[in-house]
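Student: Handing you a structure now.
Nothing in this text is a laboratory measurement; each read-out follows from the coordinates by a stated rule. Because the structure is predicted, anything quoted here is derived from the model rather than measured. As a convention, Cβ positions derive from the backbone with ideal geometry for all residues, glycine included, and neighbour counts pool all protein chains shown.
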Amino acid sequence: MSAAPKIVARTALVLFGALVLQLGMFDDLRVVGVHPEVLLAVGLGCAVAWGPERGAIVAFCAGLLTDMFLSGRFGVTGLAWGITGFGLGYLSDGIARRSMVIDAVLLGLGSAVGVMVYAVVAALFGEATLTDDHLWRIMGIVGISAAVISPVVLPLCRWTGADVGLRPSR
């Protein structure tokens, strides 16, 4: 099997597993009324692990999977998360010294920014997301939860392209 199908298959497997976990467990696990976004963490984890281009693609796909179960406009989450994935991948490529702590902080901050980017993009399409009184709380809880699950998410994201000749992000 060549490299590209192997990468796509592994990435699809990780995204599908994250979707099952999100719908089966994390949607019901709420902290102060907010649930973690596992699919966002996986999309941004690929951005941290593999850089901006691949991060944008995986985060966009994760957003589209999420959009299938939301009542808003289809594609808004994918667009917002894709933009965030590209930005986070670009930022993480510029960091010379990397560690698990730095990667966890990147994933946490990126997830919080992803929520804000979603709010801005959704507002452009007429939704009242920026006026939500709980936006800062949502950003904080989603960011913290992404940082907490990063020791599981990041190795899975690195595995999706491992052993197929891809050079991981620094």
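Student: Based only on other Cβ atoms within 10 Å, what is the fewest-to-most ordering of L124, L44, L15, L91? Intermediate values should be presented prior to the final figure.
Tutor: Details: L124 13, L44 35, L15 21, L91 16.
By the 10 Å Cβ count, ascending: L124, L91, L15, L44.
Student: Here is a follow-up. Through the Karplus equation 6.51 cos²θ - 1.76 cosθ + 1.60, θ set to phi - 60°, convert the phi angles of region 129-144 into ³J(HN,Hα) values in whole Hz; use x for Gly and Pro.
Tutor: Once rounded to whole Hz, the list reads 7, 6, 8, 5, 5, 9, 4, 5, 5, 4, 4, x, 5, 5, x, 5.
Student: Given contacts defined as C-alpha pairs under 8 Å and at least six residues apart, what's the relative contact order of the chain, whole-number percent? Mind showing how you got there, number by number?
Tutor: Details: 285 pairs, mean separation 47.4, N = 170.
Reported as a whole number, the value is 28 percent.
Student: Now a separate question. Counting helices only, and only those DSSP H runs with n ≥ 4, report the 222 nm mean residue ellipticity of the chain as the sum of -39,500 (n - 2.57) divided by its residues, in deg cm²/dmol to the nearest 500.
Tutor: -23500 deg cm²/dmol
Student: Same structure, new question: So if we plug the beta-carbon distance of L130 and A3 into 1/(1 + (r/R0)^6) with R0 = 41 Å, what FRET efficiency do we get, rounded to 0.05?
Tutor: 0.50
Student: Please work out which option in (1) 51, 35, 26; (2) 39, 38, 34; (3) 46, 32, 29 gives Cα extents along the principal axes in Å calculated from these coordinates, and answer with its label.
Tutor: Derived directly from the coordinates: (3).
Student: Take R30 and V105, extend 7 Å from each Cα along the Cα→Cβ direction, and tell me the distance between the two endpoints in nm.
Tutor: Calculated label separation equals 3.3 nm.
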